Amino acid sequence: MLVVSGVVAGVIGSAGGITSLVSYPALLAVGIPPLPANVTNVVALVGSFPGAALGSRTELRGQVSWLRRWAPVAAVGSVLGVALLLLTPVQLFNHLVPYLLLLASFALFFQPLLSRWHEAHVHRQGEMLGWGLFAVSVYSGYFGAGSGIMALALILLTVDPDFARANALKNMILGVATLVAALGFLIFGPVHLVAALCLGAGCVVGSFLGPSVARTIPGDVLRVIAAAFGIGLAVWFFVNPGS
């Protein structure tokens, strides 16, 4: 079940959707409690990193310098997120999660309008991108579900309005954040290793296939679908706070 869920989650996530929309509930469904399921999910999603990189080679050409510049920001933010998760109570953050998801989802829905406004009024894009990536990476290390939607909306607004290229950058930058968080959780967190390996194996396969989906389907269609997934996950967290 977890391997199949990983394949589906990898396709959805690397194509622009929310990986944890499938992977996190799958871990809950096999009886893993919420906090261990959260950290196990992060470890499993490391499998999406190499698959997405191989599947997005076309979109990632010429982006090495961009990734070198911003990957350290993602790594530092993720470390802080892991520390917050392991050292602080989660109740307040649990209440913030659906609102953050709604904000990112509506940003995706209205991305063309927001991009035009951004180009006309914002002249310090590097600063906005840097703080935005740092905040998303903190969230990714802390909880993770929906961080792809947040990062995708940010990159579409500040870096590249082309969906396939923005999605590839999102996969790589969150891959760095996820890898760093996973190392921390493997050392300090309650990881269910067998479940992580099963789910992660599926993610490797699914994330390799996902970029071809993003390349084939019109970007506006995928953008709206991804936003709808984000709103759906936000509603799920409203109904099941702290899950």
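The values are calculated or read from the model by the stated rules, or taken from the named source; none is laboratory data. Nothing here was measured: the structure is a model prediction, and the numbers come from that model. Cβ sites come from the backbone with ideal geometry, for glycine too, and all protein chains shown count toward neighbours.
Residues are listed down the side, and each one gets a yes or a no for (1) under 17 Å from the mean Cα position of the chain (by Cα); (2) over 16 Å from residue 66 (Cα atoms); (3) without any contact (Cβ under 8 Å) to a residue 12 or more places away in the chain:
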{"site": "144", "(1), (2), (3)": "yes, yes, no"}
{"site": "147", "(1), (2), (3)": "yes, yes, no"}
{"site": "153", "(1), (2), (3)": "yes, yes, no"}
{"site": "166", "(1), (2), (3)": "yes, no, no"}
{"site": "182", "(1), (2), (3)": "yes, yes, no"}
{"site": "191", "(1), (2), (3)": "no, yes, no"}
{"site": "201", "(1), (2), (3)": "no, yes, no"}
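Specify the residue that is nearest to the chain's Cα centre (by Cα); the eligible residues are those in the stretch 26-68 that are assigned to a loop (DSSP other than H, G, I, E, B) and surrounded by 14 or more Cβ atoms within 10 Å (Cβ to Cβ).
Of all residues in the stretch 26-68, those assigned to a loop (DSSP other than H, G, I, E, B) come to 30-33, 56, 61-63.
With surrounded by 14 or more Cβ atoms within 10 Å (Cβ to Cβ) added as a condition, the list becomes 30, 32, 56, 63.
Values: 30: 22, 32: 21, 56: 16, 63: 19 Å.
Restricting to residues being assigned to a loop (DSSP other than H, G, I, E, B) and surrounded by 14 or more Cβ atoms within 10 Å (Cβ to Cβ), the top hit is 56.
For the stretch 3-21, enumerate the residues that are aliphatic (A, V, I, L, M) and either crowded, with 24+ Cβ neighbours inside 10 Å or touching a Leu at 6+ places or on another chain (Cβ under 9 Å) (or both).
Our first condition is that a residue be aliphatic (A, V, I, L, M); within the stretch 3-21, this holds for 3-4, 7-9, 11-12, 15, 18, 21.
Of everything in the stretch 3-21, those that are aliphatic (A, V, I, L, M) and either crowded, with 24+ Cβ neighbours inside 10 Å or touching a Leu at 6+ places or on another chain (Cβ under 9 Å) (or both) turn out to be 3, 7, 9, 11, 12, 15, 18, 21.
List the residue pairs whose Cβ atoms are under 8 Å apart, where the first residue sits in the stretch 58-72 and is more than 16 Å from residue 133 (Cα to Cα) and in contact (Cβ under 8 Å) with a residue 12 or more places away in the chain, the second is surrounded by 15 or more Cβ atoms within 10 Å (Cβ to Cβ) and of a type in the set (S, T, N, Q), and the two are 6 or more positions apart or on different chains.
Listed by first residue and then by second, the contacts come to 59/167.
For the stretch 188-205, which residues satisfy the criterion of being at pLDDT below 90 and either small (Gly, Ala, Ser) or in a helix (DSSP H, G or I) (or both)?
As a first pass, look at the stretch 188-205 and keep what is at pLDDT below 90: 188-190.
The answer is 188, 189.
Report, by residue number, each residue of the stretch 85-132 that is basic (Lys, Arg) and either surrounded by fewer than 11 Cβ atoms within 10 Å (Cβ to Cβ) or modelled with pLDDT of 75 or more (or both).
Going residue by residue through the stretch 85-132, those that are basic (Lys, Arg) are 116, 124.
Correct list: 124 only.
Got a sec? Which of 137, 243, 212 is at pLDDT 85 or above, out of contact with any Cys (no Cβ under 6 Å at 6 or more places or on another chain) and among the hydroxyl-bearing types (Ser, Thr, Tyr)? Please lay out each step first, then the result.
Values: 243 fails: at pLDDT 85 or above; 212 fails: at pLDDT 85 or above.
Checking each option against the conditions leaves just 137.
Looking at 223, 215 in this structure, which one is under 27 Å from residue 60 (Cβ atoms), in a helix (DSSP H, G or I), out of contact with any Phe, Trp or Tyr (no Cβ under 9 Å at 6 or more places or on another chain) and among the charged types (D, E, K, R)? Spell out the reasoning first.
Working: 223 fails: out of contact with any Phe, Trp or Tyr (no Cβ under 9 Å at 6 or more places or on another chain).
215 is the lone residue from the list that is under 27 Å from residue 60 (Cβ atoms), in a helix (DSSP H, G or I), out of contact with any Phe, Trp or Tyr (no Cβ under 9 Å at 6 or more places or on another chain) and among the charged types (D, E, K, R).
Which condition from (1) over 11 Å from residue 43 (Cβ atoms); (2) among the aliphatic types (A, V, I, L, M); (3) over 17 Å from the mean Cα position of the chain (by Cα) is the one that residue 224 breaks?
Unmet for residue 224, out of (1) over 11 Å from residue 43 (Cβ atoms); (2) among the aliphatic types (A, V, I, L, M); (3) over 17 Å from the mean Cα position of the chain (by Cα): (3).
For the stretch 1-21, give me each residue that is more than 17 Å from residue 31 (Cα to Cα) and small (Gly, Ala, Ser).
Listed by number, the residues that qualify are 9, 10, 13, 14, 15, 16, 17.
I'm told residue 191 meets every condition in (1) surrounded by 18 or more Cβ atoms within 10 Å (Cβ to Cβ); (2) closer than 27 Å to residue 214 by Cβ except one. Can you identify the failing condition by its number?
It fails just one condition, (2).
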